[in-house]
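The values are calculated or read from the model by the stated rules, or taken from the named source; none is laboratory data. None of the values given here were measured: they were computed from a predicted structure. All Cβ positions, glycine included, derive from the backbone under ideal geometry; neighbour counts span all protein chains shown.
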Amino acid sequence: MTDSFNTRAQFTAGDRSFDYFSLPKLQEQFPGIAKLPYAQKILLENLLRHEDGSNVDADDIKALANWDAKAEPDTEIAFTPARVVLQDFTGVPAVVDLAAMRDAMANLGGSPDKINPLSPAELVIDHSVMVDEYGTDKAFDLNAKLEFNRNKERYAFLRWGQGAFDNFKVVPPDTGIVHQVNLEYLARVVFGNEDTNLAYPDTLVGTDSHTTMINGVGVLGWGVGGIEAEAAMLGQPITMLIPQVVGFKLTGKLAEGCTATDLVLTVTEMLRAKGVVGKFVEFFGDGLADLPLADRATIANMAPEYGATCGIFPVDGETIRYMELTGRPAEQLELVEAYAKAQGLWREEGEPDADYTDVLELDMSTVQPSLAGPKRPQDRVLLADMQKTYRREVEPFIKARAEKADPEDKSMAEAKQQSEAGLTSDDIGGPVHAPVSYKETEFDLHDGSVVIAAITSCTNTSNPAVMIGAGLLARNAIQRGLQVKPWVKTSLAPGSKVVTEYLEKAGLNVDLDKLGFQLVGYGCTTCIGNSGPLPEPIGEAVREHNLNVASVLSGNRNFEGRVHGDVRMNFLASPPLVVAYALSGSIDIDMNNDPLGQDADGNDVYLRDIWPSQKEIYDTIGTSLNSEMFKDSYGDVFAGDSRWKGLDVPEGEIFDWDETSTYVQNPPYFEGMSVDVADIPTIQGARCLALLGDSITTDHISPAGAITKDSPAGQYLQEKGVSPSDFNSYGSRRGNHEVMMRGTFANVRLRNLLAPGTEGGWTRHQPSGDEMFIYDAAMKYADDKTPLVVLAGKEYGTGSSRDWAAKGTLLLGVKTVIAQSFERIHRSNLVGMGVLPLQFKEGENAESLGLDGTETFDIEGLESGATEVTVKATKESGDTSEFTAKVRIDTPKEWDYYQNGGILHYVLRQLAKAA
């Protein structure tokens, strides 16, 4: 560590003194620092503290100190996060990779214990609980038991990692959601290192895209792929171009009847329309004075949905108030405030605005009640327009279904007659009615029926205002005699045990229970596809009659096929609206003008009649939430219950792999690896594995939900003696590459244009033209040593930071993905696994270039540092065409990763050479 600018100084926090790298001192040489955004100041401090003449030199510091807000990013810097946070779906494969690297290090003649986290790494098990049981007071215990039985192997493996690796801690299952635990407990905001007496900002990367939730408390961090997180744990900096920063000015305050969910859906829509992919977003303005930290965290959480790398808020008095509420010690509060003020990172009322690349502005008083859907988080729908939106969206589906109607099916015949009559969307209320008998109740299901209503996800369950609001709405509904419809699968999955405590203290758990919103678990559940099965009579009716039914969830993701395979429409909403739609049982309702039901006297009851006031909500928070709840809940957070403590855990620095395990296997990434670096790969004679459209998400590429019996993954598990009832989910089996590569491109809603008319993981093998599963085709190509290419449209890889979307792509033999544009995390993940991301030139795509996927592809001109290559496509007839594609390896360090075959290979070689 060097200090070429002589910026080391001291400050006092309470009765303690700390050293720090002073931005005010550096500002004496670079006056422009005064106008830097908050986020850029944190990056600048990071460079100052890690200046070593190699990864970070004086020129890097000068470039950021002289940052031009309007300039296109062109300077690479190395960001070294202070810690890494993981969840179990992405954390298990990360620990698997570290264990595999220990094996590989031994094979290369090095010491296995060199593979060890160098900075704190904390994993929260929150993605494994499924909503099998619901609507009873036994739901939590049963779901927790099922979760543990399904995941014993994974949990024992994580317990091994906790003992084998330094700086690695695990928060056991049934505790909370990673981002809420991070916000309420793990976040330091400022580190005060007692050994070095050095203070510095808390920064991090996480293996979940919603790591950005921590930006709400002033901590800079974002989601990365598991492979990048592993490299960070091993001491590798995150290389990035100095980003542009879009300022988002907030003024005013939310009107009565509006929630933080409505605000974040509005912000998401605005920023998606603006285009902030690859940029930082920073919130500022007078509106922050009246914006609670929980609301800030709600907005920060959804940065992946608006496309930004992060969505950060500065440290101010509200930050300190929240840290005090959540039980942080007084010494930490003193440190955070004193450091932020000394460093120029403290928000003051009326301070001059920073220089931003661009600025958007929102008067929060103009926000209206909203949902988002039915397929994307950025597609906001005003509550007043929901019925109209639903009918517009469902109309083409109903018409298409009617065209395929069986004349013997009377309900379908009725649908066809209505379709042929030229009905408009306003006439459509779901002509197909499916009679169902469930729990001694007879009812009809139809298009638009809400079959899942879930209060879930860190986005909203971290926010007491919307959770208390949901409880008060439930209480008011019960007092008016309303009940949830019998076909709605209801669930409550809070992000921490504190939520349960304050709901209980307010007595609102009783009201939520009466409506069926009993506690089902502490985890992400529905938001990541762990919604569990629909009751069989309901699921059977949906499938038999091909109904277009809906879910309403307080989550942040609603991509196709994510929530449930039988549910085509998924709407994001605030927790109170989740309860409201469970009461209505349908999204084919005008919530502003149609009644939710009738009271005991037959009087109509409207949403406005049961919606709680803001005063009622905040009065309830004031009497039911206190810091002791947080101290009690997090007092022994790493201990776990008797099941966790009783696991049979292997020991040793090298993991003893069990070849019969269907959960954890040694991946093949390092087979045949030598210490020497190979040449840049050549890609010749490649075949197209998949020809895809726009907005292909990481859920499409690597689903996290249910494994179907007839899929390649399902067939593999059955061959290993696993019954379909024990399949668990793709997400839970991410430690087994055999399952995950079979699940790649296996989403039930994936449409591969190479196999028109199909839905799911199908393709056509070339040149035979045989239709088969994508996995089976990939293995046939592998037998012939044929490299593969994927062609795609815009926003390829949007969604979760799912490393298996890149790992599975690699293991199928895909050497390059050519798309119109890439989402940030997935592009870097592809590079990190040694897969080449190429981008069509502006205005070009597969269709405009006449590509149908039957061609062979040769990549010419690929060499280190190349910005463009020529792609030669040869038809079966022998006709050829060429086009230029942009190489999306964006930094010199990424070229190092790519040439090494991936980031893990690069790190392993560096460590082996240093041995």
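Per-residue answers, yes or no, for (1) in contact with a Cys (Cβ under 8 Å, 6 or more places away or on another chain); (2) assigned to a helix (DSSP H, G or I); (3) in the same structural domain as residue 440 (by TED's automatic domain parsing); (4) farther than 24 Å from residue 435 by Cβ:
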position: 490; (1), (2), (3), (4): no, no, yes, no
position: 494; (1), (2), (3), (4): no, no, yes, yes
position: 500; (1), (2), (3), (4): no, yes, yes, yes
position: 504; (1), (2), (3), (4): no, yes, yes, yes
position: 512; (1), (2), (3), (4): no, yes, yes, yes
position: 555; (1), (2), (3), (4): yes, no, yes, yes
position: 561; (1), (2), (3), (4): no, no, yes, yes
For region 638-687, the count of residues that are over 24 Å from residue 113 (Cβ atoms) and charged (D, E, K, R) equals 6
Is it true that some residue in region 744-759 is of a type in the set (A, V, I, L, M) and part of a helix (DSSP H, G or I)?
no
Restricting attention to region 12-41, report how many residues are within 12 Å of residue 200 (Cα to Cα) and surrounded by fewer than 21 Cβ atoms within 10 Å (Cβ to Cβ).
1
Matching residues in region 862-881 - criterion: being under 38 Å from the mean Cα position of the chain (by Cα) and surrounded by 13 or more Cβ atoms within 10 Å (Cβ to Cβ)
862, 866, 868, 869, 870, 871, 872, 873
Being in contact with a Phe, Trp or Tyr (Cβ under 8 Å, 6 or more places away or on another chain), modelled with pLDDT of 90 or more, surrounded by 15 or more Cβ atoms within 10 Å (Cβ to Cβ) and of a type outside the set (Asp, Glu) is the requirement here; does residue 633 meet it?
no
Failed item in (1) part of a loop (DSSP other than H, G, I, E, B); (2) modelled with pLDDT of 95 or more; (3) buried (at least 24 other Cβ atoms within 10 Å of the Cβ), with residue 531 passing the rest:
(2)
Does region 586-622 hold any residues that are polar (S, T, N, Q) and either in the same structural domain as residue 329 (by TED's automatic domain parsing) or touching a Ser or Thr at 6+ places or on another chain (Cβ under 8 Å) (or both), and which are they?
586
Please determine whether any residue of region 837-850 is within 22 Å of the chain's Cα centre (by Cα) and closer than 21 Å to residue 127 by Cβ.
no
Has region 277-294 got at least one residue that is within 25 Å of the chain's Cα centre (by Cα), assigned to a helix (DSSP H, G or I) and at pLDDT below 95?
no
Taking the conditions exactly as written (of a type in the set (Ser, Thr, Tyr), in a loop (DSSP other than H, G, I, E, B) and either surrounded by 20 or more Cβ atoms within 10 Å (Cβ to Cβ) or modelled with pLDDT of 95 or more (or both)), does residue 848 satisfy them or not?
yes
For residues that are closer than 17 Å to residue 578 by Cα, at pLDDT 95 or above and not β-branched (Val, Ile, Thr), tally how many sit in region 375-410.
8
Out of all the residues in region 491-509, which are among the hydroxyl-bearing types (Ser, Thr, Tyr), surrounded by 24 or more Cβ atoms within 10 Å (Cβ to Cβ) and at pLDDT 95 or above?
491
As an exercise: evaluate residue 759 against (1) modelled with pLDDT under 95; (2) crowded, with 22+ Cβ neighbours inside 10 Å; (3) touching a Leu at 6+ places or on another chain (Cβ under 8 Å) and give the number of the one condition it does not meet.
(2)
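Might you check whether a residue that is more than 30 Å from residue 874 (Cβ to Cβ), in contact with a helix residue (DSSP H, G or I) (Cβ under 8 Å, 6 or more places away or on another chain) and part of a loop (DSSP other than H, G, I, E, B) occurs anywhere in region 677-694?
Yes, that holds for at least one residue.
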Restricting the search to region 581-615, which residues are of a type in the set (D, E, K, R) and buried (at least 21 other Cβ atoms within 10 Å of the Cβ)?
588
Every residue in region 51-83 that is more than 22 Å from the chain's Cα centre (by Cα) and assigned to a strand (DSSP E or B), please.
76, 77, 78
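Mind checking which residues of region 699-746 are β-branched (Val, Ile, Thr), crowded, with 21+ Cβ neighbours inside 10 Å and either closer than 14 Å to residue 661 by Cα or not assigned by TED's automatic domain parsing to the domain that holds residue 790 (or both)? Spell out the reasoning first.
Looking only at region 699-746, we keep the residues that are β-branched (Val, Ile, Thr), and these are 701, 707-708, 722, 739, 744.
Applying the additional criterion that residues be crowded, with 21+ Cβ neighbours inside 10 Å yields 701, 707, 739, 744.
The one that is β-branched (Val, Ile, Thr), crowded, with 21+ Cβ neighbours inside 10 Å and either closer than 14 Å to residue 661 by Cα or not assigned by TED's automatic domain parsing to the domain that holds residue 790 (or both): 739.
For region 851-884, give me each residue that is assigned to a loop (DSSP other than H, G, I, E, B) and either hydroxyl-bearing (Ser, Thr, Tyr) or under 25 Å from residue 756 (Cβ atoms) (or both).
Across region 851-884, the qualifying residues are 851, 852, 853, 854, 855, 864, 867, 875, 876, 877, 878, 879.
Which one of 318, 305, 351 is within 24 Å of residue 496 (Cα to Cα), charged (D, E, K, R) and at pLDDT below 95?
That would be 305, the only listed residue that is within 24 Å of residue 496 (Cα to Cα), charged (D, E, K, R) and at pLDDT below 95.
Just to be sure before I move on: is residue 775 touching a Pro at 6+ places or on another chain (Cβ under 6 Å), part of a helix (DSSP H, G or I) and assigned by TED's automatic domain parsing to the domain that holds residue 799 in the structure I sent?
yes
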State which residue is farthest from residue 732 (Cα to Cα) when the search covers only region 510-528 and only residues that are at pLDDT below 95 and among the β-branched types (Val, Ile, Thr).
526
For region 824-833, check the following and say yes or no: at least one residue is at negative phi, in contact (Cβ under 8 Å) with a residue 24 or more places away in the chain, in the same structural domain as residue 716 (by TED's automatic domain parsing) and in a loop (DSSP other than H, G, I, E, B).
yes
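Residue 230: part of a helix (DSSP H, G or I) and surrounded by fewer than 21 Cβ atoms within 10 Å (Cβ to Cβ), yes or no?
Considered against the rule, which asks whether it is part of a helix (DSSP H, G or I) and surrounded by fewer than 21 Cβ atoms within 10 Å (Cβ to Cβ), residue 230 comes out as no.
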Pick out the one residue from 351, 324, 318 that is among the acidic types (Asp, Glu) and within 21 Å of residue 23 (Cβ to Cβ).
351
Exception for residue 328 within (1) free of Cβ contacts under 8 Å to residues at least 24 places away in the same chain; (2) surrounded by fewer than 21 Cβ atoms within 10 Å (Cβ to Cβ) falls at (2)
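Looking at region 797-806, is at least one residue surrounded by fewer than 24 Cβ atoms within 10 Å (Cβ to Cβ), in a strand (DSSP E or B) and in the same structural domain as residue 902 (by TED's automatic domain parsing)? Break it down into steps so the answer makes sense when it comes.
Step one: filter region 797-806 for residues surrounded by fewer than 24 Cβ atoms within 10 Å (Cβ to Cβ), giving none.
No, region 797-806 has no match at all.
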Say whether the condition of being in contact with an Asp or Glu (Cβ under 7 Å, 6 or more places away or on another chain), among the hydroxyl-bearing types (Ser, Thr, Tyr), closer than 22 Å to residue 670 by Cα and not assigned by TED's automatic domain parsing to the domain that holds residue 487 is met by at least one residue in region 83-95.
yes
Residue 485: surrounded by fewer than 20 Cβ atoms within 10 Å (Cβ to Cβ), of a type in the set (Lys, Arg) and either modelled with pLDDT of 95 or more or closer than 24 Å to residue 535 by Cα (or both), yes or no?
no
